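Here is the structure we will look at, set down as structure tokens.
Values in this text are rule-based calculations from the coordinates and carry no lab data. Since we're looking at a predicted model, the values are computed, not measured. Here Cβ is always computed from backbone atoms with ideal geometry, including for glycine, and neighbour counts include all displayed protein chains.
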Amino acid sequence: MLKINNLHVSVGEKPILKGLTLDVPAGEVHAIMGPNGAGKSTLGYALSGRPGYEATEGSVQWNGDDMLALEPAERAAKGVFLSFQYPVEIPGVPAMTFVRTALNAQKRARGEVEVSAPEFLKLVKTASATLKMNFDMLKRPLNVGFSGGEKKRMEILQMALLEPSLLILDETDSGLDIDALRIVSEGVNALRSPDRSMLVITHYQRLLDYIKPDRVHVLAAGRIVASGGPELALKLEAEGYDQYLPPIPEIA
Ligand code: ADP
Ligand code: MG
Ligand code: MG
């Protein structure tokens, strides 16, 4: 399970996370909601070990490991997967090649045997069919000219193949039409398992109609300020985040 205690994270000199505490038991899906600028993406980056996101205080334990002591590649090898809010485009690299490279890098880091080209082709054909993805899309350069929905499907395909144990989805719903949202959610739901934890970061409640969270947390001003069941997401949708925002200073 994931245990975050009193986590402080700075970007440059600027403190962004300011004492964030959160436990996600294995097998559970927790939603992180909150106003823009609250630090939601920063949490995802800090967990994945992105350079420049410096933990200055507190701890993160992942299945007993001190996660903050691990390099990003070591975290990925242990199954940490961050889905980006804005997927990168890589001209010149076919999507399929990218995914196979990522999968084999993970295999090497785990001391496992790499998958051969024919093996990979079989894996990726099965996974793309499950996700109702057009297989030909995988021959195109990664994300170049892909629609918002296609980029997300591409990410879900990567996830399905990398079999993460901690899955962090950062606003994976932004820019998706209803059909794409449903396909992405079905993909994510299919990845639910007793030994996998998920953090679903979203600004809107809509995604949680499709991905039912066990717990919902409100992140505001760098901390978890409220937690509850799925009903909390509905309450936030109705009431907004105003009650969690810092008061606006009076002008004298
Ligand atoms: P959210 O995802 O909740 O909208 P972010 O984690 O993206 O929030 O950002 C939290 C705060 O950190 C914001 O005030 C943002 O401007 C700031 N921030 C994020 N990344 C950087 C960066 N690379 N450099 C400077 N400030 C940053
Ligand atoms: Mg934002
Ligand atoms: Mg964000």
Margin query: Relative contact order for segment 28-169: what percent, with Cα pairs under 8 Å and sequence separation of 6 or more?
Written below: 31
Check: Taking the simple approach of a point 7 Å from Cα along Cα-to-Cβ for both ARG182 and LYS212, what is their distance in nm?
Finding: 1.8
Next item on the list: Give a residue-ordered list of calculated ³J(HN,Hα) values for segment 15-25 (Karplus: 6.51 cos²θ - 1.76 cosθ + 1.60, θ = phi - 60°; whole Hz; x for Gly, Pro).
Entry: x, 10, 8, 10, x, 8, 10, 7, 10, 10, x
Next item on the list: Take the alpha carbon atoms of segment 213-252, find their center, do the same for segment 48-76, and report the distance between the two centers in whole angstrom.
Entry: 26
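Could you work out how much longer the chain between GLU13 and TYR204 gets when fully extended? Use 0.36 nm per residue separation minus the Cα distance between them, nm to one decimal.
Stretched out fully, the GLU13 to TYR204 stretch lengthens by 65.8 nm.
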Next item on the list: Note the full-extension length gain between VAL93 and ALA105 as 0.36 nm times their separation in residues minus their Cα-Cα distance, in nm to one decimal.
Entry: 2.7 nm
Notebook entry, point to check: What value, in deg cm²/dmol to 500, does the helix sum -39500 (n - 2.57) over DSSP H runs of n ≥ 4 give at 222 nm once divided by the residues of the chain?
Noted result: -10000 deg cm²/dmol
Item checked: Pairs of lysines in the chain (C-alpha under 13 Å apart; 8 or more residues apart or interchain) -> 4
Margin query: Which of the three applies to segment 63-178, rounded, prolate or oblate, going by the alpha-carbon gyration tensor with a ≥ b ≥ c and a/c under 1.5 meaning rounded?
Written below: oblate
Next item on the list: At q = 0.14 Å⁻¹, what is the base-10 log of I(q)/I(0) for segment 104-252 according to the Debye formula with one equal point scatterer per Cα and no solvent? Please give it to two decimals.
Entry: -0.80
Check: Cα-based Rg (one decimal) and Dmax (whole number) for the chain, in Å?
Finding: 18.5, 71
Check: Which whole-number percent is the relative contact order of the chain (Cα, under 8 Å, 6+ apart)?
Finding: 28
Note to self: So the label point goes 7 Å from the Cα of ALA238 along Cα→C-beta, right? Which residues of segment 196-227 then have their backbone N under 15 Å from it?
What the structure shows: 205
